[in-house]
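The values are calculated or read from the model by the stated rules, or taken from the named source; none is laboratory data. All values derive from a computational prediction rather than experimental measurement. In this analysis, Cβ positions are derived from the backbone assuming ideal geometry, glycine residues included, and neighbour counts consider all displayed protein chains. Each accessible area value is taken on the protein alone, full model and side chains, heavy atoms only, with ligands, DNA and RNA left out. Shrake-Rupley method; radii C 1.70, N 1.55, O 1.52, S 1.80 Å.
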Amino acid sequence: ERRLPNSLVLPGFAVALAGQLLACGVFGAPWWRLLAALFLAAGVFAVSLRMSRSGALGMGDVKLLTLIALALGWFSAWLVAAVVAAGFALSILHIAFKRRQVRERGIPLGTYLMAGFAVCLPALGPWG
């Protein structure tokens, strides 16, 4: 089974929001960063949900994409785009080398999204 369990993905939303609220409320970070992250996450959720309904993504991928947008949207929308692009690029490599397996079982996109996150994490600099 290739599912992204809710028990792994959903706590990430609480951690990301708690960290952002703490940064704003206690450490004086600008509130617009939290709002930007929330709006970006909502937009990513809407687009990925639409893709899920067409069969292009699984719901685990939708939740993971939304979590990545919430967590990294605090820093930059470009960073979110870089993670998604890296994840999709890695999945394209998977398709290129494992065509038969992809036809039979599909693409485990969540794995590649997490790898894209790991690849882009150094872009955060000292905050990563």
Checklist line | Principal-axis tilt of helix 59-73 within the chain, Cα atoms, nearest 10 degrees | finding: 30
Checklist line | Surface share of carbon and sulfur [accessible, 1.4 angstrom probe, percent] for the chain | finding: 69
Checklist line | Options (i) 1.00; (ii) 1.10; (iii) 1.20 - which one matches Cα Rg over 2.2 N^0.38 Å as calculated here | finding: (ii)
Next item on the list: With a 1.4 Å probe and every protein chain left in place, work out the accessible area per residue of the chain in Å², rounded to a whole number.
Entry: 62
Note to self: Please list, in order along the range 85-101, the HN-Hα scalar couplings obtained from phi with the Karplus expression 6.51 cos²θ - 1.76 cosθ + 1.60 (θ = phi - 60°), rounded to whole Hz, x for Gly and Pro.
What the structure shows: 4, 5, x, 5, 5, 5, 5, 5, 4, 4, 4, 4, 9, 10, 4, 5, 4
Note to self: Just to verify a number: FRET efficiency for ALA23 and PHE88, C-beta to C-beta distance, R0 = 30 Å, to 0.05?
What the structure shows: 0.55
Check: Out of residues 5 or more away from ALA29 or on other chains, whose amide H comes under 5 Å of its own, with H placed 1.01 Å from N in the peptide plane?
Finding: CYS24
Check: List the chymotrypsin sites (Phe, Trp or Tyr not before Pro) in the range 1-99 that DSSP assigns to loop (not H, G, I, E or B) and whose Cβ has at most 14 other Cβ atoms within 10 Å. Which are they?
Finding: PHE27
Checklist line | Helical mean residue ellipticity (222 nm; -39500 (n - 2.57) per DSSP H run of 4+; nearest 500) of the chain | finding: -25500 deg cm²/dmol
Note to self: Loop-only trypsin sites (Lys or Arg not before Pro) in the range 67-117, please: DSSP not H, G, I, E or B, and at most 14 other Cβ atoms within 10 Å.
What the structure shows: LYS98
